[in-house]
Each structure stands twice: as C-alpha cells, then as structure tokens.
Amino acid sequence: MNNCIIVTGGAGFIGSNFVNSWLKLGLGKVVNLDKLTYAGNLANLVDVEHHPEYVFVHGDIADQDLLAELLTEHQPNAVVNFAAESHVDRSIHGPEDFIQTNVVGTFHLLQAVRAYWSNLTTEHKQSFRFLHVSTDEVYGSLGKADAAFTETQPYAPNSPYSASKAASDHLVRAYHHTYGLPTLTTNCSNNYGPYHFPEKLIPLVIHNALAGKPLPIYGNGQQIRDWLYVEDHCAAIRTVLAAGRVGEVYNVGGWNEKPNIEVVKTLCRILDAKSPRNDGKPYADQIAFVEDRPGHDQRYAIDATKIANELGWKPKETFESGIEKTVNWYLENQDWVNNVSSGEYLNWVQTHYSERGEELA
Ligand code: NAD
Ligand code: DAU
C-alpha cells in the first residue's frame with residue numbers, strides 16, 4: 001500500500017507542526033496542498049523543504065481538477081484536512097472567505113476524494129481515511145457549571161467561523177453516512193505553540209509585550225478556553241488516523257481550562273523572568289481592557305475521555321510546561337515573528353484594534 005498522505009493547509013499553524021513532526025517521525029510521504037493565504041507561511045516548513053518525502057503544492061481545496069490530479073498522481077492512503085479560515089475576529093469582519101473555504105472548499109475536497117476513493121482497489125478502499133480537523137467551537141458556549149463538551153453535545157455555533165466549521169463537519173458526516181466515505185473527525189480545543197500566527201491571543205500577547213505595545217483583553221477577560229499544546233494535538237490526529245473507528249468523531253483537549261486574563265498574566269510573569277523590560281517594570285503593566293468581541297463565547301471545555309479510553313491518547317504537556325516551551329520558541333524565533341507580522345498583518349491589527357480603542361500597529 002502507498003505510504004503517502006495529502007495534507008491540506010499544511011503551511012498554517014497546526015498543519016505545519018503536523019507536517020514537520022510526521023516527516024521527523026519518518027511516517028512516509030506528505031503532499032502539502034496550501035493556498036498560502038495570509039495565515040500560510042512556507043517559513044514554517046524550512047526544516048523539511050528539501051526532505052525527499054515532502055512535496056509542496058500551491059493551490060486551493062476548492063479546485064477539484066487540481067485535487068483530482070494530485071490524488072491520481074500520489075495515490076494517498078489518507079487526506080488530512082487542516083485548510084480553513086481560522087480566526088473568529090476575521091470571520092466577524094468578513095465572513096465570506098470562511099464560507100468559501102470552510103464550507104464550499106470542504107465540499108469540493110470531499111467530492112474529489114469521494115471520486116478517487118470510489119475507484120480504489122478493495123484493499124486500498126478499506127485502508128483509506130479522510131480525516132477532518134475541526135474545533136470545539138461548533139458546540140457553542142458553556143456556562144460555568146456546565147459539563148465539558150462530549151462528542152454527543154448538540155451543535156450550537158455562534159460565530160461565522162464556528163458556523164462554517166459546523167457546516168463542514170456536517171458535510172463530512174453526510175459523506176460517510178450517504179456514500180460510505182471512511183471519514184474521521186476531530187474536534188479540538190484551543191491550540192498554542194510554535195508557528196502560531198500572532199493574531200491569536202497567546203502569540204499576540206508575547207509579540208506585543210516584547211514590542212512595548214498594549215496587551216488587549218476583550219471585555220473582562222473572564223472568558224475560558226481549554227488549552228492544548230500543538231504537538232499534543234498532532235499526536236492525537238496521528239492516533240485517530242491510525243486507530244480511530246471509521247465515521248466517528250473524537251474530541252481532543254488538554255484538560256486545561258483557563259480564563260484569558262490568567263493566561264495573559266502567566267505570559268507576563270514568564271517574560272518578566274526570561275526577558276525583563278528595560279525599565280524593570282512588569283509586562284502586566286501593558287494589559288489593556290478593550291471592547292469585547294461581538295457574540296463572544298464565554299467558555300469552552302473538552303471532555304477528552306473517548307479518545308483516551310478508546311485510543312489511549314493523552315496530552316503529554318501540562319499548561320505550565322507547554323507555555324514555557326512556547327515562550328522560549330518565540331524568544332528564539334524573533335525573525336519568524338518579524339517576518340509574518342508585516343504587510344497584511346499590520347493592516348489587520350490597525351483596523352481591528354483601533355475599533356476597540358487601541359492602536360497596536
Ligand atoms: P491557520 O489559519 O494557521 O492555517 C490555515 C492554513 O490553511 C493556512 O496555511 C492557509 O494558507 C490554508 N488555507 C486557507 N484556505 C485554503 C484553501 N482554500 N485551500 C488550501 N489551503 C488553504 O489555521 P490553524 O490554526 O492551523 O487551524 C488548522 C485547522 O484546525 C483549521 O481547520 C481550524 O479550524 C482547526 N482548529 C484550530 C484550532 C486552533 O486553536 N488554532 C483548534 C481546533 C481546530
Ligand atoms: O477553540 C478552538 C478555536 O480556538 C479554534 O477553532 C480557532 O481556529 C482558534 O482561532 C481559537 O479561537 P479563539 O477565538 O478561542 O482564539 P483567540 O486566540 O482568537 O482568542 C482566545 C481568547 O482570547 C478568546 O476568548 C478571545 C480572547 N482575545 C483574543 C484576542 C486576539 C482577547 O481577549 N484579546 C485578543 O486580542
């Protein structure tokens with residue numbers, strides 16, 4: 001059997017971590033199809049760009065002809081779909097790209113994969129998998145006392161981003177139920193770690209702190225997210241791909257619920273120790289409470305019992321170990337941060353944060 005996978009969106013945050021670790025582990029050939037939007041960055045893949053088992057293809061998951069060519073040429077044994085528009089705030093400013101990639105794009109990808117899969121040999125048909133990488137945000141928002149999301153939690157997406165991801169999850173489910181496509185879906189909580197684009201909370205705070213800029217906290221900062229170190233997410237995806245039951249959904253999370261303000265204060269404390277301000281004052285002095293995100297979900301929490309009991313996956317990092325590794329990575333990779341936080345990025349922070357009463361550009 002051909003030991004090859006196609007990864008979509010492999011130049012983004014999680015996708016590039018996944019491609020890097022897949023190749024480092026020697027798990028076989030990876031074809032990375034990425035549109036290289038503002039969030040896709042080939043600098044995330046410099047360590048593997050000359051790897052004999054790595055192929056990069058610049059393209060769109062909505063391009064069915066290209067997909068058909070790639071599937072025919074490489075005969076993959078799996079397709080892992082990371083490609084998406086992923087930032088909630090951008091989906092509020094401009095939802096259209098989210099519908100186009102997350103809904104229409106996933107539909108075209110499923111169509112192309114179904115056509116390919118239908119013509120495989122019986123043996124290859126049985127081993128093939130389509131793994132769709134999704135999010136806990138499709139389940140909506142929890143109250144403080146609510147139990148964490150299990151896989152049977154009804155969908156209740158609240159942002160254009162989460163609604164578009166919910167739609168893509170439903171399409172994946174339907175392609176399994178109707179056509180028998182061997183799908184797997186993972187719904188994961190908030191990731192953090194290397195190559196995280198500095199529009200998201202953790203890398204934005206590290207970047208702004210070091211640049212002497214305000215650290216913007218939406219609303220009162222009491223919203224809760226459940227944080228998972230990105231390499232743990234990649235390991236979970238590999239586990240589900242290898243052993244997950246076809247047609248099933250697996251929630252992935254780190255059992256690390258933290259209010260945003262606590263995350264930001266932790267980052268400030270680590271930076272105070274590792275890279276103190278020139279004036280000796282604490283980074284926490286830069287915290288600025290700004291206007292809240294419209295429709296802001298209050299709390300996410302993942303119950304990751306199913307993947308632990310069925311497949312034996314558990315996160316390796318605690319929040320404390322993962323966040324320290326993350327800060328170290330950003331301190332050691334300032335060139336990467338400077339490279340990605342120019343051009344379009346500056347336009348985004350200018351538009352988005354000036355509306356909230358902060359000038360961050
Ligand atoms: P990201 O925004 O960092 O990367 C997305 C990648 O997809 C980029 O490389 C981009 O160029 C590419 N892309 C976008 N549109 C495309 C298209 N039409 N065709 C091909 N490539 C395209 O996203 P991320 O944070 O790495 O998230 C990856 C996936 O994981 C997404 O599906 C997201 O919904 C999901 N997810 C993310 C998190 C998180 O905390 N970041 C948590 C759970 C699930
Ligand atoms: O839960 C999984 C999701 O996590 C993924 O599906 C998304 O792709 C990913 O972007 C992430 O979504 P969030 O909206 O939770 O992540 P973000 O880093 O944008 O925000 C985390 C929390 O911090 C959220 O409550 C909003 C808040 N926040 C964010 C920014 C950018 C701030 O308070 N200030 C900020 O400047």
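Brief remarks on what is shown
- Flag for Trp313 being open to solvent by 40 Å² or more (accessible area, probe 1.4 Å) and within 16 Å of ligand 1 (Cβ to nearest atom): no
- Any hit, the range 289-302, residues being more than 16 Å from ligand 2 (Cβ to nearest atom), hydrophobic (A, V, I, L, M, F, W, C) and in contact (Cβ under 8 Å) with a residue 12 or more places away in the chain: no
- Selection status of Val263, open to solvent by less than 20 Å² (accessible area, probe 1.4 Å) and of a type in the set (A, V, I, L, M): yes
- Among the conditions (1) open to solvent by 30 Å² or more (accessible area, probe 1.4 Å); (2) within 16 Å of ligand 2 (Cβ to nearest atom), the only one that Arg114 does not satisfy is (2).
- Conditions (1) within 12 Å of ligand 1 (Cβ to nearest atom); (2) surrounded by fewer than 21 Cβ atoms within 10 Å (Cβ to Cβ): number failed by Ser168: (2)
- Selection of first residues in the range 304-330 that are within 15 Å of Asn256 (Cβ to Cβ) and of second residues that are among the acidic types (Asp, Glu) and assigned to a helix (DSSP H, G or I), restricted to Cβ pairs under 8 Å at least 6 apart or on distinct chains, gives the following pairs, ordered by first then second residue: Pro315/Asp232; Lys316/Glu231; Lys316/Asp232; Glu317/Glu231; Glu317/Asp232; Gly322/Asp232.
- Helices (runs of 4 or more DSSP H) contained entirely in the range 243-361, each with at least 2 residues that are touching a helix residue (DSSP H, G or I) at 6+ places or on another chain (Cβ under 8 Å) and more than 28 Å from Phe149 (Cβ to Cβ): 260-274, 319-332, 334-340, 344-354
- Residues located in the range 303-352, provided they are modelled with pLDDT of 95 or more, within 23 Å of Tyr195 (Cα to Cα) and touching a Ser or Thr at 6+ places or on another chain (Cβ under 9 Å): Phe319, Glu320, Ile323, Val327, Leu331
- Output for the range 189-202, where each listed residue is within 6 Å of ligand 2 (Cβ to nearest atom) and not hydrophobic (A, V, I, L, M, F, W, C): Ser189, Asn190, Lys200
- Residues of the range 218-237 that turn out to be away from ligand 2 (no atom under 11 Å from the Cβ), open to solvent by less than 30 Å² (accessible area, probe 1.4 Å) and part of a helix (DSSP H, G or I), as a count: 6
- Restricting the first member to the range 339-361 and to residues that are without any contact (Cβ under 8 Å) to a residue 12 or more places away in the chain, and the second to residues that are of a type outside the set (D, E, K, R) and open to solvent by 20 Å² or more (accessible area, probe 1.4 Å), the beta-carbon pairs closer than 7 Å and six or more apart or on different chains are Gln350/Ala361.
- Looking across the range 117-144, the residues that are surrounded by 18 or more Cβ atoms within 10 Å (Cβ to Cβ), under 29 Å from Cys4 (Cα atoms) and either in contact with a Lys or Arg (Cβ under 6 Å, 6 or more places away or on another chain) or not β-branched (Val, Ile, Thr) (or both) come down to Trp117, Phe128, Arg129, Phe130, Leu131, His132, Ser134, Thr135, Asp136.
- For the range 338-359, the set of residues classified as surrounded by fewer than 19 Cβ atoms within 10 Å (Cβ to Cβ) and among the aliphatic types (A, V, I, L, M) consists of Leu346 only.
- Among the residues listed as Asp97, Asp89, Asp136, the single one being over 26 Å from Phe149 (Cα atoms), of a type in the set (D, E, K, R) and within 15 Å of ligand 2 (Cβ to nearest atom): Asp97
- Residue count for the range 203-217, restricted to those that are under 23 Å from Leu36 (Cβ atoms) and within 9 Å of ligand 2 (Cβ to nearest atom): 2.
- Hits in the range 191-211 (condition: within 15 Å of ligand 1 (Cβ to nearest atom), open to solvent by 30 Å² or more (accessible area, probe 1.4 Å) and either free of Cβ contacts under 8 Å to residues at least 12 places away in the same chain or not in a helix (DSSP H, G or I) (or both)): Tyr195, Lys200
- Applying the criterion of being β-branched (Val, Ile, Thr) and away from ligand 2 (no atom under 14 Å from the Cβ) to the residues of the range 238-277, the residue that is nearest to Ala288 (Cα to Cα) is Ile270.
- The single condition from (1) more than 21 Å from Asn191 (Cα to Cα); (2) under 16 Å from the mean Cα position of the chain (by Cα) that Ser21 fails is (1).
The values are calculated or read from the model by the stated rules, or taken from the named source; none is laboratory data. Here the structure is a predicted model, which means the values were calculated and not measured. For neighbour counting, all protein chains shown are included, and Cβ atoms are generated from backbone atoms with ideal geometry for every residue, glycine included. Quick note on the areas: whole protein, heavy atoms, side chains included, nothing else; ligands and nucleic acids left out. Shrake-Rupley method; radii C 1.70, N 1.55, O 1.52, S 1.80 Å.
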